[in-house]
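The values are calculated or read from the model by the stated rules, or taken from the named source; none is laboratory data. Fair warning: this is a prediction, and the values are worked out from it, not measured in the lab. Cβ atoms come from the backbone with ideal geometry, glycine included; neighbour counts cover every protein chain shown.
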Amino acid sequence: MKGVIYTETTVFAPPEQFAADAPYQLVIVALEDGKRLTARILGDRVAIGDAVELAESRNNIAFFHKI
Amino acid sequence: MREVAVIGIGKTAFGAFADRDLRSLAVEAGLACLADANVSPSKVEAFYLGNFAGPSFVGQNHLAPYIAGAMGVEHVPCTRFEAACASSGSAFFHAVSSVAAGMYDLVLVGGVEKMTSQSTPKVTEILAGAGDMSGEGRAGATFPALFAMIARRHMYQYGTTREQLAAVAVKNHSNGAKNPQAHMRKIITMEQALNGKPIADPLTVYDCSLVSDGAAAVLICPLERASEFTSKPVVVRGIAQTSDHVALDEKDDITTFRAVKEAAQKAYKMAGVTASDIQFAELHDCFTIAEIVATEDLGFVEKGSGGPYVLEGKTCLRGERPINTSGGLKSKGHPVGATGVAQICDVVLQIRGDAGERQIARHDLGLAQNLGGSGATAVVTVLGAA
């Protein structure tokens, strides 16, 4: 699954259940099929317009990384 | 349809009150409101309550009769409305609708939230429930994160800057410092606002509204009966509630709140006014970016120009269109379920000419804009002097 970063943020103040993950980059990916998906980033930080692809799914969370 | 007037207002101070429970706050605001209109609780024909998450924050359900009974409002319909941070805006919209339709004459509308008894991570988690918990919430979205993503996209599309965001916080703190009931009566500098602790990049702690306890109430009746209760009735000239997708990633363009835009058009039409007629407004600045987007969606400025508009001082207390003279959610505080009705109170205060040190010169026609979630519910109200 591939797409382009539509928007992004880095979360420093997480909800209780994600306390161990912070800080983490959260993004909305514009997928190739025209849909959008809220996901996380693995590895290098991304910016709006960057091309990304799905790296893995863990606990129902999609993790993308930069292509 | 009958014209509807606001004849009484009442608010608690907003803040962190360890020794106050939810009900005592709501009762204080409700009784202050009834006293303002010199109406006895036994005359109230219905009670509409806005509350977002009382059951999660304090473990109490069935809130409307629970609060009404303690005020002496008994044996009448008492109903709680939940629409995230637009809960009491929604309660007000439905109360006005029922009075306009002729169901009741005297209706009390309250809003309350008691948030500070929970830890910040727990509050963050409860608030996240106003988003889509099967999508964005599961991925780790918080409300600051959702509005940070809106800000990022707005910056990308329109060149909005960190300084422009910070200008909202600086202005609203400057106003709130003059409001005796505000949570954080503290002036902040541009430098402080730009260098706050990061919460969700690019938003810092100074871009975020406060976690507060507090309550507000208004009393409404048909305009034709308003003179029985007050010499300064304020007329609900136009009001609309609209909705949109709950999930941010389901909205076509996240730099605009479509629900706000549509509610504004409906409310303006009902009032027979245009955006340029609105002299001042209380806007839903849950995050600094939200006030900037709202000024655009309400038609005060063109799309993308909300940032320069605030930075140039057009919306400050002595500017051409003062926004959030109360201090807004940023400085006055944001007990989420109380906010919509509190905004109505603050607009009424200006129209009556009772805003003290914060009183503005042109105050005949004002607007309140209340937002739920990342824009899934919007309520826009145009209020005017009778």
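What to note about this one:
- Selection status of B:G110, farther than 22 Å from B:S42 by Cα, under 24 Å from the mean Cα position of the chain (by Cα) and not polar (S, T, N, Q): no
- When B:F143 is tested against (1) more than 23 Å from B:G372 (Cα to Cα); (2) surrounded by 21 or more Cβ atoms within 10 Å (Cβ to Cβ); (3) touching a residue at least 40 places away in the same chain (Cβ under 8 Å), only condition (1) is not met.
- The residue of region B:303-340 that is surrounded by the most Cβ atoms within 10 Å (Cβ to Cβ), among those that are part of a helix (DSSP H, G or I) and hydrophobic (A, V, I, L, M, F, W, C), is B:A338.
- Residue match in region B:201-212 (condition: touching a Ser or Thr at 6+ places or on another chain (Cβ under 8 Å), among the charged types (D, E, K, R) and touching a residue at least 40 places away in the same chain (Cβ under 8 Å)): yes
- Selection count where residues are more than 29 Å from B:V4 (Cβ to Cβ), charged (D, E, K, R) and either part of a loop (DSSP other than H, G, I, E, B) or in contact with a His (Cβ under 7 Å, 6 or more places away or on another chain) (or both), scope region B:223-260: 3
- Helices (runs of 4 or more DSSP H) contained in region B:1-83 and holding at least 1 residues of a type in the set (S, T, N, Q): B:22-36, B:54-58
- Search result, residues across region B:113-126 that are more than 8 Å from every other protein chain (Cβ to nearest Cβ), more than 11 Å from A:A13 (Cβ to Cβ) and assigned to a helix (DSSP H, G or I): B:I126
- Residue check for B:S243: modelled with pLDDT of 95 or more and buried (at least 21 other Cβ atoms within 10 Å of the Cβ): no
- Of the listed requirements (1) crowded, with 24+ Cβ neighbours inside 10 Å; (2) within 14 Å of chain A (Cβ to nearest Cβ); (3) assigned to a helix (DSSP H, G or I), B:A130 misses just one: (3).
Yes/no per residue for (1) buried (at least 17 other Cβ atoms within 10 Å of the Cβ); (2) over 20 Å from B:M155 (Cβ atoms); (3) out of contact with any Lys or Arg (no Cβ under 6 Å at 6 or more places or on another chain):
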| residue | (1), (2), (3) |
| --- | --- |
| A:V27 | yes, no, yes |
| A:E32 | no, yes, no |
| A:I41 | yes, no, yes |
| A:V46 | yes, no, no |
| A:G49 | no, no, yes |
| A:N60 | no, yes, no |
| A:F64 | yes, yes, yes |
| A:I67 | no, yes, yes |
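- Each residue in region B:341-370 was checked for being aliphatic (A, V, I, L, M) and either within 18 Å of B:S87 (Cβ to Cβ) or part of a helix (DSSP H, G or I) (or both), and 8 of them qualify.
- Subset tally (residues that are surrounded by fewer than 24 Cβ atoms within 10 Å (Cβ to Cβ) and at the interface with chain A (Cβ under 7 Å from one of its Cβ atoms)) for region B:146-164: 2
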